[in-house]
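Student: Okay, handing you the structure first.
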Amino acid sequence: MTEEFYRIKRLPPYVIAEVNGMRAAARASGLDIIDLGMGNPDLPPPQHVIDKLCEVAMKPDAHGYSQSKGIPGLRRAQANYYGRRFGVDLDPESEVVVTMGSKEGLASLATAITAPGDVVLAPNPSYPIHTFGFIIAGATIRSVPTTPDENYFRSLERAMAFTVPRPSILVVNYPSNPTAETVDLAFYERLVAWAKDNKVWIISDLAYSELYYDGNPTVSILQVPGAKDVAIEFTSLSKTFSMAGWRMGFAVGNKQLIAAMTRVKSYLDYGAFTPIQAAACAALNGPQDIVEKNRQLYHKRRDVLVEVMGRAGWDIPPPAASMFAWAPLPPALAHMGSLEFSKQMLTHAHVAVAPGVGYGEDGEGFVRIALVENEQRLRQAARNVRRWFQQMGVNSSAA
C-alpha cells in the first residue's frame, strides 16, 4: 500500500498552522494572547437575523434535508442584493447558487471544472483555497501578481505564451486577502476582454465587498457588460454581517459554471441547515444599517492600528479595504523572515499575526494583521510590540 495518498502528497505543510499551534499552547498555559492572526469577526450578527434563526428552528418541519443549491427565497435575496448594490441582473434559478461559505464553494467549483493537468492562474500571495482548491482537484498552478498594474497584464500574456497546456482558469480576489489591494471597473473591463480573447474562465472572490474605506466602494466584475459570458463571482455573509461560523456564501454569474458547480454539490451535500438559510434571507432583505456600522468600526480600527503601531516603530500602510492590514516587516527585523518574526512576536509580545509566507512565496517579508480586536486591545498590542522592539533595538517614536 502507498505511504501517502495522491492529493495529500500535493499539499505542503500549512505554515500558518505552526503559529496557530503556538498561540493555542500559549493560551492554554494562561497567557493573554492578543489574536490578530485569524480573520474571525468578534462582532455579533444583527439581532433580527438571530431571531429569524430561532424562529424557524422552532418549526417541526425545519430540520429535514434542505436544498443543495439553496432555498429559492435565499437565491432571490442574493439576486436582489446584486441588483441593489451593483446594478447587476441575475436569474435566481440559473445564475445563483448558495454555498456553505465561499471556501466550500470555491472547492466545489474546482472539483467541477478542473481536470488533472489543467493549468490555473492564481494570485501569489493569495488566500490558500485560491490555489489549493485547484491543486486538490489535480491542477497545476501558475502564479500571477496581485498588484493590478501593467506588470499584472504582462504576466498574464507571458503565462498564455509560455505555458503548456494553456491556462484555462484565472482566479482574482479584490479586495485581496491577504494584501487588501483593490481595483476599479476599468481593470475588470480590461480583464474580461482579455479572458474572452484567450478563452479563459474568471473566478472572482468578492468576500470583502462591503468592507471598503475612504469613500471608495468596491466593484463587481459582473458590472462589466458581457462579464457573465466568462466569469463567476463568490461572496459571503461572514464579514458583512459577522456570520463567519454560519458558513453562508454564494456563487453567481456564468450559467455553465453555476450548473456544473450545482451538479457536483448535489452529490456532496444537502445544503445548509434551513433555519440558517432563512436567517440569511433576513440579513439580505432586512435593515442594512449594520453593514455601514461594521464598515465604520473596521475603518476606525484600521486607523487606530496604523497610528499606534507607527508610534511603536512599525510603519503599516493603511489598507483601502478588507479586515486586514498587509504589513511589511520592520527593516531592522526583516532578516528573520515572516514565520520567525511571527513566532517571536507571539512569544515576546503576546501578539499573534499570520506570517506572509503562509499565503505564498511572494508573501515573504510581510505579515497579515486582522482587525478583529477592539481599539483597547489594539493599543495594548502596540504597547507589547513596542516593548519587544525596544528589546530588539528597534527605535520607536515618542508615544
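No value in this document is a laboratory result; all are computed from the given coordinates. As the structure is a prediction and not an experimental result, all values here were calculated from the model. Note: ideal-geometry Cβ built from the backbone for every residue, glycine included; neighbour counts use all protein chains shown.
Student: Quick check on the chain: of the DSSP beta bridges with both residues there, what percent are antiparallel, nearest 5%?
Tutor: On the way: 17 of 35 bridges.
Approximately 50 percent, going by the DSSP bridge assignments.
Student: Can you work out the Karplus-derived ³J(HN,Hα) for every residue in region 176-192? Use 6.51 cos²θ - 1.76 cosθ + 1.60 with θ = phi - 60°, whole Hz, and x for glycine or proline.
Tutor: Computed from phi, the couplings for region 176-192 are 6, 10, x, 7, 6, 5, 10, 9, 10, 5, 4, 4, 5, 4, 5, 5, 5 Hz.
Student: List the chymotrypsin sites (Phe, Trp or Tyr not before Pro) within region 99-179 that fall in a DSSP loop (any state other than H, G, I, E or B) and whose Cβ has at most 12 other Cβ atoms within 10 Å. Don't jump to the answer; show the numbers that get you there.
Tutor: Working: sites: PHE132, PHE134, TYR152, PHE153, PHE162; in loops: none.
Answer by residue number: there is no such site.
Student: What distance in nm lies between label points placed 7 Å from Cα along the C-beta direction at ARG154 and SER266?
Tutor: The answer from the label model is 4.7 nm.
Student: Calculate the length of the line joining the C-alpha centroid of region 72-113 to that of region 346-397, in whole Å.
Tutor: The distance from the Cα centre of region 72-113 to that of region 346-397 comes to 36 Å.
Student: I've got another one for you. Can you check what the net charge comes to around ARG311, using other residues whose Cβ is under 12 Å from the Cβ of ARG311 (Lys, Arg +1; Asp, Glu -1)?
Tutor: Overall, the nearby charge balance is +1.
Student: Less than 10 Å Cβ to Cβ from ASN254, Lys/Arg counted +1 and Asp/Glu -1: what total charge do the surrounding residues give?
Tutor: Within the 10 Å Cβ shell, the charges total -1.
Student: Can you compute the helix-only [θ] at 222 nm over the chain? Use -39500 (n - 2.57) per DSSP H run of at least 4 residues, normalise by all residues, nearest 500 deg cm²/dmol. Before the final figure, lay out each step's value.
Tutor: Numbers: 13 runs with 171 residues, N = 399.
Here the helix-only value at 222 nm equals -13500 deg cm²/dmol.
Student: Does region 1-124 come out rounded, prolate or oblate, given a ≥ b ≥ c as the square roots of the eigenvalues of its C-alpha gyration tensor, rounded meaning a/c under 1.5 and, failing that, prolate meaning a/b above b/c?
Tutor: Details: a/c = 1.87, a/b = 1.22, b/c = 1.53.
Note, shape of region 1-124 comes out oblate.
Student: Name the shape class, rounded, prolate or oblate, that the alpha-carbon gyration tensor gives for region 47-285, where a ≥ b ≥ c are the square roots of its eigenvalues, rounded holds for a/c under 1.5, and otherwise prolate holds if a/b is larger than b/c and oblate otherwise.
Tutor: Since a/c reaches 1.5 and a/b is larger than b/c, the shape of region 47-285 is classed as prolate.
Student: Calculate, in nm to one decimal, what MET38 and ARG166 gain on full extension: separation in residues at 0.36 nm each, minus their alpha carbon distance.
Tutor: Extending this stretch completely gives an extra 42.6 nm.
Student: Using the number of other C-beta atoms within 10 angstrom as an exposure proxy, rank SER94, SER108, SER29 with the fewest first.
Tutor: Sorted ascending by nearby Cβ count, the order is SER29, SER94, SER108.
Student: As a footprinting exposure proxy, order THR163, THR262, THR240 by other Cβ within 10 Å, with the fewest listed first. Before the final figure, lay out the partial values.
Tutor: Values: THR163 13, THR262 19, THR240 22.
So the residues, fewest neighbours to most, are THR163, THR262, THR240.
Student: Evaluate E = 1/(1 + (r/R0)^6) for ARG311 and ALA259, where r is the Cβ-Cβ distance and R0 equals 51 Å; express this FRET efficiency to the nearest 0.05.
Tutor: The pair ARG311/ALA259 has a calculated efficiency of 0.40.
Student: Taking Cα centroids, how far is region 225-281 from region 28-69 in Å?
Tutor: With region 225-281 and region 28-69 each reduced to a Cα centre, they are spaced 17 Å.
Student: So, one more: Fewest Cβ neighbours within 10 Å first, please rank ILE16, ILE8 accordingly.
Tutor: Values: ILE16 20, ILE8 8.
Ascending Cβ contact count within 10 Å gives the list ILE8, ILE16.
Student: Restrict the search to region 133-212; then list the trypsin sites (Lys or Arg not before Pro) that DSSP places in a loop and that have at most 15 other Cβ atoms within 10 Å of their Cβ.
Tutor: LYS199
Student: Please compute the length gained on full extension between MET336 and ASN216, using 0.36 nm multiplied by the number of residues separating them and subtracting their Cα-Cα distance.
Tutor: In short, 39.6 nm is gained.
Student: Set the Förster distance to 25 Å, then compute FRET efficiency between ALA26 and ASN374 from the Cβ-Cβ distance, nearest 0.05.
Tutor: About 0.80, to the nearest 0.05.
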